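The values are calculated or read from the model by the stated rules, or taken from the named source; none is laboratory data. The shown structure was predicted, so the numbers you read here are calculated from the model rather than taken from an experiment. Here the Cβ positions follow ideal geometry from the backbone for every residue, glycine too, while neighbour counts run over all protein chains shown.
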Amino acid sequence: MYKTEILSRIPSKILAVLQEIGQLADETGLSAYAVGGMVRDLLLIRENSDFDVVVEGDAIGLAQCLFKRWEGKIHVHSDFGTGTLTRSDGLKIDFVSARRETYPRPGALPFIRFGTILDDLRRRDFSINALAMSLNPATIGELVDCTSGLRDLQSGEIRTLHDRSFIDDPTRLFRAIRYEGRYGFQIVDSDQKHMFDAIGKGVLDLISGQRIRNEINRILPETSAPKIIRRMEEFDIFQNIHTGWQPPENFDALCDAARQAADWADKHLVKDSVEKASLFWMALLRDGSVIESVKDRLSLDNQLSKILVAKARLGNVLAKLSVHSERSQVYKLLKSYPIEALAFSIAEPEQPQWCAAKIKEYLTDLRLAQPLINGADLIQLNLTPGPKFAEMLWNTFAAQLDGKIQSKQEAFQILGRFNEN
Ligand code: CTP
């Protein structure tokens, strides 16, 4: 591919930034390259806002020089030889020194030594991700392709660079399937075999829950998530993470529901911070007993775990509602459930319309209702806090929710009646 053609695909603002990086690298005697996903997606004519720059030499030094020019923010990890520069226009660029990697044992994080751009490309996961584009002025736009990545991009193939790739880094099992699903590519036969072999050897037991969780978090928002999840099942990945974990048969429909719930929440729950990722997790992980084990294995955070557990219970709670349920009953049944679990239920396949309408009413209206009277009002009436006190407050609030009273005065009247009984 001609470099002019590649460069013409880069939006002018971004090209100007890349040229500036290359220019400064050149002035300081360094070679700089755009690498990985950015180059891959440029060649596939797909958007990608990830900027990874590999420098032969001191990447942090280059990032610091650019920081002086551009301002913004810089975050340096000296131990890893990396720096992340966020420009004031929001553009984020990761700088890393070209490196070689060796894996001390399967699944462990690699040992790192500095190397050349070719070393750096050869340590990567797949040929389609092992492409670099030069940024130095004389060669800007030229591809470095030492593993036939361009050929594989053109033929639509996912190919590792060596036979131990999935053993060294089992997160690549997830990544291979994610790219396959996203681009409609095919994992080459030999790598499919390596994947089955690695899984059979138990490599998934060697990586932390957090790393698996991160990979699943990257899969769930993909448009082709249903296809990716099915493919993971073909490789028996879920069962190998936890025996008994099987994605629901209607995951496709549930994934749609998650998306609809996210859209609905964007429109109707604007003041709440809705944990969007949890909506997709609810599509994937639904069985109460499995949730308990998987949450430990994947170190799911408390908030997500709570949402998943609540969602698994919510079905029984919704079964108690009927078309005729009063607003106060809806409030009482739903009030302890997280908004994410409720939003998901609205969009869930086979949810009766009347039930979805009641949940919507709860989320947008009932949930926000303020009681006309509160505990302080009761104390002023010389009532002593206790179980009866709480019951009276709830009964008054229920009458309010059901539209039987509208004012504080009416609330006191009704309270008087409760107190007499
Ligand atoms: N990489 C790798 N092995 C991994 C993770 C990453 O070799 N286990 C390399 C790949 O070359 C990849 C690059 O690091 O292209 C950046 O990783 P990441 O940001 O995870 O992937 P991208 O390809 O940039 O983006 P995405 O997967 O989101 O499209």
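Structure summary
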read-out: Tabulated pairs, the range 163-181, first among the β-branched types (Val, Ile, Thr), second near the ligand (Cβ under 9 Å from one of its atoms) and not in a helix (DSSP H, G or I), C-beta under 9 angstrom, 6+ apart or interchain; value: Thr171/Asp125
read-out: Tabulated pairs, the range 374-397, first charged (D, E, K, R), second modelled with pLDDT under 85, C-beta under 9 angstrom, 6+ apart or interchain; value: Asp377/Leu415; Lys388/Phe418; Lys388/Asn419; Glu391/Phe418
read-out: Top-ranked residue in the range 29-41 [being under 18 Å from Pro11 (Cβ atoms) and surrounded by fewer than 20 Cβ atoms within 10 Å (Cβ to Cβ); ranked as nearest to the ligand (Cβ to nearest atom)]; value: Gly37
read-out: Residue within the range 227-235 that is away from the ligand (no atom under 14 Å from the Cβ) and not in a helix (DSSP H, G or I) present; value: yes
read-out: Number of the condition not met by Arg113 [criteria: (1) part of a loop (DSSP other than H, G, I, E, B); (2) more than 26 Å from Ile158 (Cβ to Cβ)]; value: (1)
read-out: Index of the failed condition, His75 passing every other in (1) touching a residue at least 12 places away in the same chain (Cβ under 8 Å); (2) part of a strand (DSSP E or B); value: (1)
read-out: When residues of the range 141-162 are limited to those that are touching a residue at least 12 places away in the same chain (Cβ under 8 Å) and under 20 Å from Asp197 (Cα atoms), the one farthest from the ligand (Cβ to nearest atom); value: Glu157
read-out: Members of the range 181-202 that are within 13 Å of the ligand (Cβ to nearest atom) and either within 16 Å of Ala108 (Cα to Cα) or modelled with pLDDT under 95 (or both); value: none
read-out: Top-ranked residue in the range 229-242 [being free of Cβ contacts under 8 Å to residues at least 24 places away in the same chain and closer than 15 Å to Val203 by Cα; ranked as surrounded by the fewest Cβ atoms within 10 Å (Cβ to Cβ)]; value: Gln239
read-out: Count of the range 9-42 residues which are over 25 Å from the mean Cα position of the chain (by Cα) and over 14 Å from Leu135 (Cα atoms); value: 4
read-out: Tally, over the range 44-69, of residues that are within 15 Å of the ligand (Cβ to nearest atom), in contact (Cβ under 8 Å) with a residue 60 or more places away in the chain and surrounded by 20 or more Cβ atoms within 10 Å (Cβ to Cβ); value: 2
read-out: Qualifying positions in the range 211-226 - in contact (Cβ under 8 Å) with a residue 60 or more places away in the chain and within 14 Å of the ligand (Cβ to nearest atom); value: Ile212, Ile216, Asn217, Leu220
read-out: Selected residue (criterion: farthest from Glu234 (Cα to Cα)) from residues of the range 139-166 that are of a type in the set (A, V, I, L, M) and more than 25 Å from the chain's Cα centre (by Cα); value: Ile140
read-out: Cβ pairs under 6 Å, 6+ apart, first in the range 252-272 and closer than 17 Å to Pro338 by Cβ, second buried (at least 16 other Cβ atoms within 10 Å of the Cβ) and of a type outside the set (A, V, I, L, M); value: Ala257/Glu348; Ala258/Phe280; Ala261/Phe344; Ala262/Lys276
read-out: Any hit, the range 333-348, residues being among the aliphatic types (A, V, I, L, M), closer than 21 Å to Lys271 by Cβ and in contact with a Cys (Cβ under 9 Å, 6 or more places away or on another chain); value: yes
read-out: Qualifying positions in the range 147-195 - acidic (Asp, Glu), within 28 Å of Lys3 (Cα to Cα) and touching a Phe, Trp or Tyr at 6+ places or on another chain (Cβ under 9 Å); value: Asp152, Glu157
read-out: Qualifying residue in the range 78-93 (condition: closer than 19 Å to Ala132 by Cα, surrounded by 17 or more Cβ atoms within 10 Å (Cβ to Cβ), in contact (Cβ under 8 Å) with a residue 40 or more places away in the chain and within 15 Å of the ligand (Cβ to nearest atom)); value: yes
read-out: Wholly within the range 356-421, helices (runs of 4 or more DSSP H) carrying at least 2 residues that are closer than 22 Å to Val330 by Cα; value: 387-401, 408-420
read-out: Hey, Asp119 in a helix (DSSP H, G or I), away from the ligand (no atom under 14 Å from the Cβ) and out of contact with any Gly (no Cβ under 8 Å at 6 or more places or on another chain) or not; value: no
read-out: Only one of Ala16, Ala25, Ala34 that is part of a helix (DSSP H, G or I) and in contact with a strand residue (DSSP E or B) (Cβ under 6 Å, 6 or more places away or on another chain); value: Ala25
read-out: Which listed residue, of Ala132, Ala138, Ala176, is away from the ligand (no atom under 13 Å from the Cβ), among the aliphatic types (A, V, I, L, M) and touching a helix residue (DSSP H, G or I) at 6+ places or on another chain (Cβ under 9 Å); value: Ala138
